[in-house]
Structures are given as structure tokens and as C-alpha cells.
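Worksheet for the structure shown next.
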């Protein structure tokens with residue numbers, strides 16, 4: 001009996017000890033930062049883009065000043081040349097914006113998975129949060145691999161009008177007008193670098209860098225061309241919950257941050273409001289061309305499951321290829337509307353119904369203008385079919401033929 005009594009007393013003492021420790025280590029959840037956003041702007045290879053990206057940063061800061069507050073933390077990684085980059089924090093205090101330097105980087109490690117992980121670990125150390133998010137500003141060309149481009153399309157390497165030129169102000173007013181001479185021509189936003197492909201960043205490396213840092217992003221916003229494709233969404237499924245991106249080319253001025261910032265800079269982002277605000281802005285813009293989607297990357301594996309079954313039972317009739325909705329401007333198309341493609345591919349009604357049910361789970365919000373613009377071979381594309389997500393399966397572009405079977409999406413669906 002005494003043995004049991006001693007054991008009971010010991011349990012009480014141990015329980016009290018644990019209780020005491022827990023009280024000392026109790027954390028007020030309300031004091032923990034709920035969200036840190038990293039604006040990631042690697043070197044793009046041209047001064048015009050650098051100017052525009054800095055204007056994007058000014059727009060973000062303008063939205064903060066207008067709101068008179070900054071919820072969460074905001075860090076910026078900005079490359080001023082291909083080998084010089086800075087990481088700094090943006091704060092708002094007494095009605096003013098302040099920049100606080102964190103780290104200076106030399107070299108081009110930001111193009112590698114290890115380099116991206118290093119940057120993100122620095123973000124975690126300096127601005128710990130329950131949720132992390134990224135806004136990526138640069139050039140973009142979807143899921144394609146940089147080493148598969150032997151000569152990035154000449155039309156994407158235009159002789160840009162630089163600030164100070166007499167035509168600069170005209171170009172900013174209507175940056176996506178395709179002028180024949182003596183007038184500005186816009187760049188496309190290739191994800192990484194427009195002129196030197198060694199500075200480009202493969203989506204695989206971005207995903208690997210994020211995972212290496214032990215983070216799963218709340219969302220990644222790509223202010224870049226052609227990033228709303230199923231191959232990219234699938235590659236990022238373990239790196240982010242949501243992907244916000246365009247199926248097509250993004251205007252030179254990019255995302256209207258003054259309008260959309262408040263919808264994303266919150267512990268509970270309102271993605272549909274982001275899409276609606278983007279669409280309303282571009283519909284009333286001088287050059288009314290733009291598309292944006294919110295994609296739930298947590299659901300793409302279920303979409304891949306049904307696509308595997310569709311691909312096992314169907315092959316696209318070559319005669320249908322020319323009738324597919326193209327959403328890019330390449331001479332040989334790369335990015336096709338996924339919804340319409342599967343409508344023409346799949347001949348099994350039940351499978352097709354399953355596909356559309358899962359596609360609607362993946363694309364949670366999307367909008368496009370009636371016409372989309374490209375600075376490449378086909379300036380204007382009339383949008384007749386639009387699901388908010390593209391696919392490259394039907395493409396005959398040499399870059400696609402080199403790279404698509406390397407993608408995780410292709411391996412999961414063929």
C-alpha cells in the first residue's frame with residue numbers, strides 16, 4: 001500500500017513540474033507574426049525591367065501608406081546586377097516607409113536551389129512567421145527548361161526603349177502596343193533572365209529551394225509570363241498551397257499592386273478578390289489585355305490521376321490540333337488552354353466529367369480579358385475558350401519536345 005502511495009505522490013510531483021514548465025513556456029499566439037511576404041526580384045538582364053520592377057515596389061509601398069499599416073512582415077530580395085543583390089526589410093512607422101538592410105549577396109547563387117534555400121533561411125531567421133508567401137517579379141516562360149532553349153526567341157530580345165528616350169513616356173502609357181519603328185516595344189517576363197539563359201531559374205530549382213528551406217508557401221504570385229500552367233502547378237505542389245499566375249503574357253507594368261496588395265497581405269488571403277481586382281484594372285487600362293488565375297496546388301495530384309486515365313484511353317486527332325485555343329504568341333505554340341484540350345481529347349463522358357470536377361477544384365478563381373496580347377509572333381489572341389490553366393501536351397514546339405517528358409506532370413500522367 002505504501003508503495004502505491006509513494007507512486008501516486010510521485011505522479012503528482014511530476015505533473016506539477018510539467019505544469020510549471022508549461023506555464024513558463026506558454027506563448028501568446030496573438031504575438032506571433034502571422035505572415036511574412038518575400039518579394040523576390042532576381043536579375044532580369046535589362047535596365048528597363050529593373051526600372052519597372054522598382055516601380056512595382058513603389059506601388060506596394062504606396063498601398064501600405066494608403067492603408068496606414070503593414071500587417072505582417074515584408075522582405076525584398078532585389079538584384080541590381082547579375083552578381084549583386086540585396087535582402088532588406090520594409091517597415092512602416094509614423095506614416096513613413098523604412099528600408100532596413102539584412103544581407104548583401106554576390107554572385108548568382110539565387111538561380112540555384114541551394115541559393116534560394118539560403119535566401120529563405122535568412123528570411124526565416126529575420127522574420128519568422130506562421131505563414132510565408134512569395135511574390136516573384138521577373139521574366140517568365142512557364143515550365144520550360146532553360147537548357148532546352150538553343151536561342152531564346154528573337155522577338156523576346158527586343159531593343160527596348162530606355163528611360164530618358166523621347167518615346168519612354170509613350171511606351172509607359174501603352175506598353176504593349178506593337179509599334180513598327182521608333183516606338184517602344186515591351187519585354188516579356190521570362191522567369192529568370194531575358195538575355196543570358198545561364199541566369200534563368202528552372203521551376204524545379206525554385207521548388208527544391210523552397211523545400212530545402214523547410215517551408216511550404218501560403219502562396220506564390222508570379223508577376224511573370226506563362227506561369228499558370230499545369231506543369232508548373234504540379235512541380236510546386238509540395239512548395240506552395242496556392243499559385244497565382246497568368247496563362248499568357250504579363251503586361252510590362254505587371255500586377256497592379258496598389259489594387260491587389262490588401263487582398264494578399266493578410267493571414268487569410270482573398271484570392272478571388274485578387275483575381276477580380278486584377279481583371280477590373282486591366283479591363284479599364286489603356287491596353288486592356290491580361291489574364292490571372294488562382295490555382296490550388298494541393299489538388300493537382302487528383303487532377304493528374306484522372307489525366308492518367310484519359311491519356312491511357314485517348315490520343316488527340318492531329319486534325320484537331322489547329323482548332324485548339326492557343327494562349328501564347330510563339331510561332332509554334334507552347335501553351336494551350338487545358339480545359340478545351342481535354343474536351344477535344346477525351347471521348348469518355350464519365351472521365352470528362354471527372355476531369356472538369358477536379359479542374360474546378362484546382363482553378364479556384366480566374367479571369368481574362370476578351371483579347372490577350374503577345375510581343376512575339378501573334379500580337380493578338382481572341383479568347384474563345386478559357387479554363388485558367390494551360391497545358392503543353394499537344395505542343396510541337398522543339399523546346400517542349402525536349403523537355404516535357406522530364407516534367408513531374410508528364411511522368412504522373414503518361
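Couple of notes before you dig in:
- Taken over the range 75-96, residues that are in contact (Cβ under 8 Å) with a residue 40 or more places away in the chain and assigned to a strand (DSSP E or B) amount to 3.
- Residue count for the range 281-305, restricted to those that are within 15 Å of residue 371 (Cα to Cα) and not in a helix (DSSP H, G or I): 9.
- All positions within the range 249-287 that are modelled with pLDDT under 95, farther than 22 Å from residue 38 by Cβ and surrounded by 17 or more Cβ atoms within 10 Å (Cβ to Cβ): 249, 251, 252, 285, 287
- Residue 366 meets the conditions (1) surrounded by 16 or more Cβ atoms within 10 Å (Cβ to Cβ); (2) under 21 Å from the mean Cα position of the chain (by Cα); (3) not in a strand (DSSP E or B) in every case but one. The failed one is (3).
- Looking at 376, 345, 351, 372, just one residue is surrounded by 20 or more Cβ atoms within 10 Å (Cβ to Cβ) and over 21 Å from residue 404 (Cα atoms), and that residue is 372.
- Residue count for the range 96-141, restricted to those that are under 27 Å from residue 270 (Cα atoms) and at pLDDT below 95: 5
- Some residue of the range 97-110 being within 20 Å of residue 36 (Cβ to Cβ) and in a helix (DSSP H, G or I): yes
- In the range 345-363, the condition of being closer than 28 Å to residue 271 by Cβ, part of a helix (DSSP H, G or I), at pLDDT 95 or above and in contact with a strand residue (DSSP E or B) (Cβ under 6 Å, 6 or more places away or on another chain) is met by at least one residue.
- Out of 222, 191, 179, one residue alone is at pLDDT below 90 and within 15 Å of the chain's Cα centre (by Cα). It is 191.
- Single residue of the range 373-414 satisfying the filter (in a helix (DSSP H, G or I) and without any contact (Cβ under 8 Å) to a residue 40 or more places away in the chain) that is farthest from residue 141 (Cα to Cα): 411
- In the condition set (1) modelled with pLDDT of 75 or more; (2) assigned to a loop (DSSP other than H, G, I, E, B); (3) more than 17 Å from the chain's Cα centre (by Cα), residue 43 is compliant with all but (3).
For every residue, the table says whether it meets (1) at pLDDT 75 or above; (2) touching a helix residue (DSSP H, G or I) at 6+ places or on another chain (Cβ under 9 Å); (3) in a helix (DSSP H, G or I); (4) more than 19 Å from residue 220 (Cα to Cα).
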position	(1), (2), (3), (4)
10	no, no, yes, yes
17	no, no, yes, yes
50	yes, no, yes, yes
62	yes, yes, yes, yes
69	yes, no, no, yes
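- Residues considered: 331, 301. Of these, the only one that is closer than 29 Å to residue 241 by Cα and surrounded by fewer than 17 Cβ atoms within 10 Å (Cβ to Cβ) is 301.
The values are calculated or read from the model by the stated rules, or taken from the named source; none is laboratory data. Bear in mind that the values here come from a model prediction, so they are computed numbers and not experimental data. Positions of Cβ are generated from backbone atoms using ideal geometry, with glycine treated the same way; all protein chains shown enter the neighbour counts.
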